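The values are calculated or read from the model by the stated rules, or taken from the named source; none is laboratory data. Remember, it's a predicted structure, so these values are computed and weren't measured experimentally. Here Cβ is always computed from backbone atoms with ideal geometry, including for glycine, and neighbour counts include all displayed protein chains.
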């Protein structure tokens, strides 16, 4: 004789949309959602139906989880060289270089990316002025971002990358025998960049001291009858000031992963 369960279903919302799900355990489920709770009627192993009330139930769509912390940034900075030396022997400093960069990275990751230029350097020898400009793209590795015992406001890093340089060699002292045929010579080519640095950070600002080694070699006549190798690279120490723009808004608090 069939058992009548109609009395058990009294009190269910009239607008409840029944949904029956069968599984390998022959479980019959009746569920509906109303406001912030769920009523479920479960019939397991042909036993009497039971009600189960789940308070504060929230139905969520499946979606890609968000980052718990977002410290992605774009940093812009620059500053003059306080010390520099040409790779070409006997060349003396005439004017100091200026270093500009743009950096993209994440404070939770040690690897970031830089691009920029180093310009305005000048080196002179026997009346010939060498003025190189370096366009660079490099990787920056900051291991201190992974050191939990290290203070978050102080970082050390290393850089390595490629450059494209352009240089002018000008005869600025013609003496008693002027020759205007090769007053200014131009040359360009690829090179590479490496270096180390340290930064002190406060809010979104950073004060940076960086040693950079630019390697480049070109060919110039320089008053001779044939072109000869001239090292257009240099070594520099730059002091720079930068500002960091966070992509998720203004975040000056220290990352909690440290």
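The table below lists the values:
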{"quantity": "Every residue from segment 219-249 that is touching a residue at least 40 places away in the same chain (Cβ under 8 Å), more than 32 Å from the chain's Cα centre (by Cα) and at negative phi", "calculated": "220, 230"}
{"quantity": "Any hit, segment 83-101, residues being surrounded by 14 or more Cβ atoms within 10 Å (Cβ to Cβ) and farther than 30 Å from residue 222 by Cβ", "calculated": "yes"}
{"quantity": "Qualifying residue in segment 247-256 (condition: modelled with pLDDT of 95 or more, touching a strand residue (DSSP E or B) at 6+ places or on another chain (Cβ under 9 Å) and within 19 Å of residue 107 (Cα to Cα))", "calculated": "no"}
{"quantity": "Which listed residue, of 216, 198, is under 19 Å from residue 101 (Cβ atoms), surrounded by fewer than 18 Cβ atoms within 10 Å (Cβ to Cβ) and in the same structural domain as residue 141 (by TED's automatic domain parsing)", "calculated": "198"}
{"quantity": "Filter pass, residue 155 being closer than 18 Å to residue 75 by Cβ, touching a helix residue (DSSP H, G or I) at 6+ places or on another chain (Cβ under 7 Å), in the same structural domain as residue 113 (by TED's automatic domain parsing) and in a strand (DSSP E or B)", "calculated": "yes"}
{"quantity": "Candidate set: segment 161-184, residues that are surrounded by 14 or more Cβ atoms within 10 Å (Cβ to Cβ) and farther than 15 Å from residue 131 by Cβ; chosen: the one modelled with the lowest pLDDT", "calculated": "182"}
